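FYI, it's all coordinate maths here, none of it is from the lab. Quantities reported herein were computed from a predicted structural model and do not represent experimental measurements. All Cβ positions, even for glycine, are placed from backbone atoms using ideal geometry, and neighbour counts span all protein chains on display.
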Amino acid sequence: MAPRRRRSTVSPMLLAFGRQLRRYREEAGLTQESLGRRANNGRGVTSQYVGQVESGRTRCTREFAETMDRELKAGGRLLALWDDLVLDSAFPTWFDWPSIEAEAVALDSYQCMVVQGLLQTAGYAEALLGDEDAVHARLNRQKILERKSPPPPRLTVLLYEGVLHHEVGSKEVMREQLERLLDSMSSGVTVQIVPDPVPHGGASGSFVVATFEDLNEVAYVETPSRGITLSELGDIHVLKRKFNEIRAAALPVNMSAECIRRVLEQRWA
């Protein structure tokens, strides 16, 4: 069955929360009406309200999320996801991507300026961000690659070769960062280096496409001023086509590892 089309007027961030609420409700064998009766200290909410939360069309309160977490025996997971929707001050208000990538089963990323955030070392991130809270938030996002349950998302990164040569921070920072890339490749992450010339579509900017368990997809595109989260089917198709075109020009994984080692030894030793 083809994946459902997402409406751009619905925040992918709220969809991620609503999807999990619906999953826990269905596993508990409850209807929207019966679950709604348990909210508000027994005063309840309408089944329509529960439906709006599950479809991502309204933002529920933290109190509602806490009650649902308790009633559905979610073990704090629903409440933690709600906290991700609000995010912390280290993320701009428009940055809803962390909660999305945490829900993904696969992440396909093209990076033409810097190392993918999920693979950055603390030193590299600090040199880029210059803010302790922002660095902590970025490193905290990387925990999804280490989790046991659910399994970590399959991460594939197409990395422009120039990123390996561009100094961020210092030679020591770059040496540590390239070593981190090699370590991640031995731990199941796919990294492929994109050599010059940059293929058609690769010069327009970095992006990530997240795929969920139900095969729905959401993308994050970087612009000079900020990032944009996209969910329209047409936008996703364009980005997936770009990703495949860029990947066709990328080095195989073993040659990519050799390329990283060569730059590490010749430029950053």
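For mean projected area of the Cα convex hull in nm², the listed values are [x] 12.3; [y] 15.1; [z] 28.0; which was obtained by calculation from the structure presented? Answer by label: [y]. For the chain, modelled as a GNM whose springs connect Cα atoms under 10 angstrom apart, the maximal fluctuation among Leu129, Leu155, Leu78 occurs at Leu129. Comparing Gly29, Gly51, Gly42 in a Gaussian network model of the chain where C-alpha atoms under 10 Å apart are linked, the largest mean-square fluctuation is found at Gly42. Remark: region 101-107, residue by residue, has Karplus-estimated 3J(HN,Hα) of 5, 5, 8, 6, 9, 8, 10 Hz, where x stands for each Gly or Pro and the curve is 6.51 cos²θ - 1.76 cosθ + 1.60 at θ = phi - 60°.
Using 0.36 nm per residue and subtracting the Cα-Cα separation, the extra length available between Arg77 and Ala106 on full extension is 8.4 nm. Rounded if a/c is under 1.5, else prolate if a/b is larger than b/c, else oblate: which is region 17-87, with a ≥ b ≥ c the root eigenvalues of its Cα gyration tensor? In terms of gyration-tensor shape, rounded. Helices assigned as whole DSSP H runs in the chain whose Cα atoms extend at least 15 Å along their own long axis and whose mean Kyte-Doolittle hydropathy is 1.0 or higher are not found.
Per-residue ellipticity at 222 nm from helix content only, as computed over the chain with -39500 (n - 2.57) for each DSSP H run of at least four residues, stands at -14000 deg cm²/dmol. For region 39-77 versus region 203-269, the inter-centroid distance based on Cα atoms is 36 Å. Under a Cβ-Cβ cut-off of 12 Å, what is the net charge of the residues other than Glu71 that fall near it, where Lys and Arg count +1 and Asp and Glu count -1? Its environment carries a net charge of +3.
Normalised by the number of residues in the chain, what is the relative contact order in percent for Cα pairs under 8 Å and 6+ residues apart? RCO, the chain: 20 percent. Length gained on full extension, Leu145 to Ala269, computed as 0.36 nm times the residue gap minus the Cα-Cα distance: 41.8 nm.
Annotation: the antiparallel percentage among DSSP beta bridges lying fully within the chain is about 55. Sorting the segments 207-217, 66-76 by their mean number of nearby beta carbons within 10 angstrom, highest to lowest, gives 207-217, 66-76.
For Met113 and Glu213, the FRET efficiency from 1/(1 + (r/R0)^6), where r spans their Cβ atoms and R0 equals 25 Å, is about 0.25.
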